[in-house]
Amino acid sequence: MTQVEKLLKYQETDEKLLKLERDLGNSEERKNYVQAKSFLTKAPEKLDALDAKAVELSALVAELNKKYQEIAETLSDFDHIDEMVDGGANIAFYKKNVTQISEKLKSIKAEIASLTKTVKDAEEEYQQMKKKTIDMQKQYTESSESYKKLKESLQGEALSVKKELDALKKDIQPEVMKKYEIKRSERIFPILCAEKGGRCSKCGSELSLAGKERISSGEVVECDNCHRILYKG
Ligand SMILES: [Zn+2]
């Protein structure tokens with residue numbers, strides 16, 4: 001077997017391992033697990049922020065209510081307006097005052113109503129977030145269990161493929177193997193491709209003159225464009 005043939009055999013076996021890795025990586029179990037984990041990592045901070053917002057808004061409502069109360073009390077000064085008018089007071093002056101105060105109260109009341117709605121919305125958001133957190137905690141418990149099971153079930157198969165790969169590795173030049181492994185970690189696959197008419201059969205890029213020469217002498221060369229390892233096709 002030539003080096004290229006050995007490497008091709010290695011790649012063929014490696015594809016089985018890649019499939020197992022992809023099966024695990026694309027599984028529902030992993031998806032649910034990662035989703036729950038990422039949600040729960042951010043949840044405490046989000047809940048704290050929502051809680052703080054609700055507290056802040058409630059304080060604002062209380063402040064406005066107090067202001068309303070204070071202004072409403074000034075109206076009681078006019079309770080005896082009839083007697084004051086009877087005593088010769090200027091009714092137009094008092095009427096103007098009462099109108100101004102009433103309008104001010106009306107505007108504060110509207111402000112309170114709008115703010116109360118904002119508080120309610122904030123509280124609702126907090127409750128929803130809390131509920132979602134509980135759901136996600138459940139999802140996390142369930143999915144971490146099923147993800148672990150799936151991992152374990154694939155592990156046996158992966159181990160036997162790895163053993164096969166280790167055996168094949170022994171017959172391959174270390175520097176070529178190293179190159180292959182780097183590319184494998186970069187998620188390039190297939191790594192080893194045939195050259196075709198002086199071009200990379202994967203991406204179509206033309207080889208350099210030196211590259212063509214090396215290929216024809218039986219060496220492997222790297223494609224300048226997609227960085228796959230090319231062999232004479
Ligand atoms: Zn290429």
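The table that follows gives values for the structure above.
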item: The range 27-79: number of residues that are over 15 Å from the mean Cα position of the chain (by Cα), among the small types (Gly, Ala, Ser) and at pLDDT 95 or above; result: 1
item: Qualifying residue in the range 131-142 (condition: under 19 Å from the mean Cα position of the chain (by Cα), under 30 Å from ALA59 (Cα atoms), outside the structural domain of TYR180 (by TED's automatic domain parsing) and touching a residue at least 60 places away in the same chain (Cβ under 8 Å)); result: yes
item: Test result for ALA54, surrounded by fewer than 16 Cβ atoms within 10 Å (Cβ to Cβ) and assigned to a helix (DSSP H, G or I); result: no
item: From GLU186, GLU222, residue being of a type in the set (Asp, Glu), within 16 Å of the ligand (Cβ to nearest atom) and over 27 Å from TYR33 (Cβ atoms); result: GLU222
item: Number of the condition not met by GLU175 [criteria: (1) surrounded by fewer than 14 Cβ atoms within 10 Å (Cβ to Cβ); (2) within 16 Å of the ligand (Cβ to nearest atom)]; result: (2)
item: Among (1) of a type outside the set (Val, Ile, Thr); (2) closer than 25 Å to LEU20 by Cα; (3) within 16 Å of the ligand (Cβ to nearest atom) - the single one LYS169 does not satisfy; result: (3)
item: Subset of the range 205-233 that is in contact with a helix residue (DSSP H, G or I) (Cβ under 6 Å, 6 or more places away or on another chain) and buried (at least 19 other Cβ atoms within 10 Å of the Cβ) - its residue that is nearest to LEU18 (Cα to Cα); result: TYR231
item: Enumeration of residues in the range 24-36 that are in a helix (DSSP H, G or I) and surrounded by 15 or more Cβ atoms within 10 Å (Cβ to Cβ); result: LEU24, GLU29, ARG30, ASN32, TYR33, ALA36
item: LEU207 being within 13 Å of the ligand (Cβ to nearest atom), more than 22 Å from GLU15 (Cβ to Cβ) and aliphatic (A, V, I, L, M); result: yes
item: Complete set of residues in the range 192-204 that are part of a loop (DSSP other than H, G, I, E, B) and either surrounded by fewer than 13 Cβ atoms within 10 Å (Cβ to Cβ) or more than 11 Å from the ligand (Cβ to nearest atom) (or both); result: GLY197, GLY198, GLY204
item: Residue in the range 181-204 that is nearest to GLU15 (Cα to Cα), counting only those that are in contact (Cβ under 8 Å) with a residue 12 or more places away in the chain and of a type in the set (Lys, Arg); result: ARG184
item: Qualifying residue in the range 169-185 (condition: within 30 Å of PRO44 (Cβ to Cβ) and either part of a helix (DSSP H, G or I) or of a type in the set (A, V, I, L, M, F, W, C) (or both)); result: no
item: Every pair of residues 6+ apart whose Cβ atoms lie under 7 Å, when the first sits in the range 210-229 and is in a helix (DSSP H, G or I) while the second is away from the ligand (no atom under 13 Å from the Cβ); result: ILE215/LYS232; SER216/LYS232
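The values are calculated or read from the model by the stated rules, or taken from the named source; none is laboratory data. Values in this document were obtained by computation on a predicted structure and should not be read as measured data. Positions of Cβ are generated from backbone atoms using ideal geometry, with glycine treated the same way; all protein chains shown enter the neighbour counts.
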